[in-house]
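These notes concern the structure reproduced below.
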Protein chains: 2
Amino acid sequence: MSRKVRACLIIIGNEILSGRTQDKNLSYLAQELNKIGVALTETRVIPDIAETIIETLNECRAKFDYVFTTGGIGPTHDDITSECVARAFGVALELNDQAHKLLQSHYENPEDLNAARLRMAHIPAGGELIDNPVSKAPGYRMENVYVMAGVPMIMQAMFQGIKHQLTGGRPMVSRSIGAYIAEGTIAGALGEVQKDFPDTDIGSYPFLREGRLGTTLVVRGEDPAQVDAAAARIVALVGSYGKEVIDESV
Amino acid sequence: MSRKVRACLIIIGNEILSGRTQDKNLSYLAQELNKIGVALTETRVIPDIAETIIETLNECRAKFDYVFTTGGIGPTHDDITSECVARAFGVALELNDQAHKLLQSHYENPEDLNAARLRMAHIPAGGELIDNPVSKAPGYRMENVYVMAGVPMIMQAMFQGIKHQLTGGRPMVSRSIGAYIAEGTIAGALGEVQKDFPDTDIGSYPFLREGRLGTTLVVRGEDPAQVDAAAARIVALVGSYGKEVIDESV
């Protein structure tokens with residue numbers, strides 16, 4: 001097996017932790033990374049507190065191949081991600097010429113590029129800009145850390161611009177099998193399938209649909225042949241309980 | 001100001017990190033904790049890997065007043081939360097009489113309480129059960145750690161059963177003010193309001209509605225008088241730019 005390439009997402013923002021805003025970046029990033037063979041291995045949601053951001057950044061960038069951050073790079077006083085990234089890397093936060101020009105080109109009226117908005121052109125020294133096709137104010141990369149916006153539409157556009165820079169392992173493939181069978185009924189035999197296919201991850205997720213209890217069984221792995229073989233065993237297993245597979249997807 | 005009571009949520013499950021399932025427990029827990037004066041200060045989403053679960057549990061239970069976990073307490077091989085909690089606390093994972101009886105009462109046919117389902121009656125020694133009115137298999141508390149199910153309906157029912165055990169500080173109150181004003185326009189003056197009300201947290205969240213760009217400004221704090229005063233300043237500020245407040249909520 002190829003070495004697993006592991007990534008961590010750091011979601012920065014009080015609005016997620018207060019429950020006011022539902023995060024949408026985790027599932028998007030997970031699925032996109034998956035396609036290029038990078039596993040999202042951990043996610044942290046942290047508040048707008050400088051010490052917490054700096055500590056979390058330094059711990060995670062040492063621990064994971066890639067770190068992605070979302071949130072806190074806008075123009076307001078609570079946008080403190082960039083000053084924290086600079087402090088975590090021990091570099092200055094400075095006006096970046098290229099970012100400055102991008103913002104100048106975005107505002108027709110020069111007065112609109114006020115001191116607050118100019119904060120968005122301040123980038124930790126050495127940062128390589130990440131294009132923001134939506135509203136110009138860029139993200140940036142510092143070594144293995146990709147600093148992106150929190151607004152999902154902007155975050156997604158930024159990610160599409162940098163994904164070619166990432167080096168993944170073999171992409172994960174998955175097969176999912178749903179049936180009206182209780183997970184406790186199939187659990188023992190399912191554990192045996194997992195033992196027989198140690199290079200796959202088999203997950204079991206109960207659901208309630210039209211008042212009926214069922215389970216979705218998901219096989220994930222790097223080797224499509226192993227994933228298919230494990231999935232075939234699960235389909236046969238469901239049949240052995242006299243149940244039908246109600247949906248199957250790749 | 002009263003001491004802040006801080007909580008951490010640990011979401012355990014490959015299905016969240018693969019992007020297959022959208023987490024719904026964070027925002028629910030955040031809002032419920034908020035009502036009783038407990039601040040959700042951090043959330044970690046981690047995979048079904050024993051070492052990661054144990055390390056994260058031990059780090060977070062030392063660091064926060066309360067730790068809540070969701071996920072990984074079902075009957076299948078990938079449900080390893082309870083064995084990890086036992087290892088983190090250095091105690092045995094043992095068949096709990098009370099949990100055993102709960103499950104026995106749930107299954108009419110004794111054969112249905114198979115070895116896999118019996119795993120759900122194994123609780124770390126010393127654990128105090130948390131009622132599961134939906135499907136009987138209980139959660140449990142170990143010191144300041146509350147171990148709950150991942151299925152939102154069950155997690156919510158469990159939380160409602162234990163929230164009276166939690167001791168919070170003063171509940172946070174919040175006011176939110178929306179206007180069709182760009183956050184970069186108001187950012188400088190908003191920073192001044194934040195400086196004048198240091199005991200509140202003022203957040204700024206851009207939105208796009210019917211093609212128009214606006215910002216929601218949120219004031220949070222423990223002292224309703226301070227929150228109201230800061231909100232009044234923000235309403236006046238919006239007016240000073242010739243903009244109307246389009247929605248305001250408590």
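Every number in this text was worked out from the coordinates using simple rules, so none of it is lab data. Model, not experiment: these values are computed from the prediction. Here the Cβ positions follow ideal geometry from the backbone for every residue, glycine too, while neighbour counts run over all protein chains shown.
Results, tabulated for the structure shown:
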| item | result |
| --- | --- |
| Euclidean distance of C-alpha centroids, region B:197-250 and region B:126-168, integer Å | 36 Å |
| Structure-based [θ]222 nm, chain B - -39500 (n - 2.57) summed over DSSP H runs of at least 4, per residue, nearest 500 | -11000 deg cm²/dmol |
| Rotation relating B and A, chain A residue nearest the axis via C-beta, angstrom | A:ARG44, 3 |
| Integer Hz, Karplus 6.51/-1.76/1.60 couplings in order for region A:163-179, x for Gly and Pro | 5, 5, 7, 8, 10, x, x, 6, x, 7, 10, 9, 10, 10, 10, x, 7 |
| Within chain B, percent of DSSP bridges classed antiparallel, to nearest 5 | 65 percent |
| Antiparallel bridge percentage (DSSP; both residues within the protein assembly as shown; nearest 5) | 65 percent |
| Peptide-level mean, for B:19-27, of C-beta atoms on other protein chains within 10 Å | 6 |
| Karplus-derived 3J(HN,Hα), 6.51/-1.76/1.60, for each residue of region B:192-207, Hz, glycine and proline x | 5, 4, 4, 4, 6, 10, x, 8, 10, 10, 10, x, 10, 10, x, 9 |
| Three-way shape label, chain A, alpha-carbon gyration tensor, a/c 1.5 | prolate |
| Per-residue mean of C-beta atoms belonging to partner chains within 10 Å, peptide B:8-14 | 2 |
| Largest-first ellipsoid semi-axes for the protein assembly as shown, taking √(5λ) over the Cα gyration tensor eigenvalues, angstrom | 42, 28, 20 |
| Most positive-pole-ward Cα, B:ILE10, B:ILE36, B:PRO152, against dipole of chain B from beta carbon charges | B:ILE36 |
| Check: chain A dipole with +1 on Lys, Arg Cβ and -1 on Asp, Glu Cβ, in debye | 420 debye |
| Nm distances between copies for B:GLU111, ranked from closest, using label points 7 Å along Cα→Cβ | 8.3 |
| Per-residue mean of C-beta atoms belonging to partner chains within 10 Å, peptide B:203-214 | 3 |
| Cut-off under 5 Å, modelled amide H: who pairs with B:VAL38 long-range | B:GLY169 |
| Set of lysines near B:LYS35 by C-alpha distance (under 29 Å), chain-local residues within fewer than 8 positions excluded | A:LYS24, B:LYS4, B:LYS24, B:LYS63, B:LYS136, B:LYS163, B:LYS195 |
| Net charge contributed by nearby residues that have their C-beta within less than 12 Å of B:MET158 (K/R +1, D/E -1) | +1 |
| Cα gyration tensor category, rounded, prolate or oblate, for region A:85-170 with a/c compared to 1.5 | oblate |
| Amide proton proximity set for B:PHE68, modelled H, under 5 Å, gap of 5+ | B:CYS8, B:LEU9, B:ILE10, B:TYR146 |
| Calculated label separations, B:ALA229, copies of the chain, 7 Å along the beta-carbon direction, nm | 7.2 |
| Charge tally in the Cβ shell below 13 Å around B:GLU83, where Lys, Arg are +1 and Asp, Glu are -1, B:GLU83 excluded | -3 |
| Taking the convex hull of Cα positions in region B:173-249, its mean projected area over all directions (nm²) | 4.5 nm² |
| In order through region B:230-241: 3J(HN,Hα) via Karplus (6.51 cos²θ - 1.76 cosθ + 1.60), integer Hz, x for Gly, Pro | 5, 5, 4, 4, 5, 4, 5, 4, 4, x, 5, 8 |
| For region B:1-95: rounded, prolate or oblate by the Cα gyration tensor [a/c cutoff 1.5] | oblate |
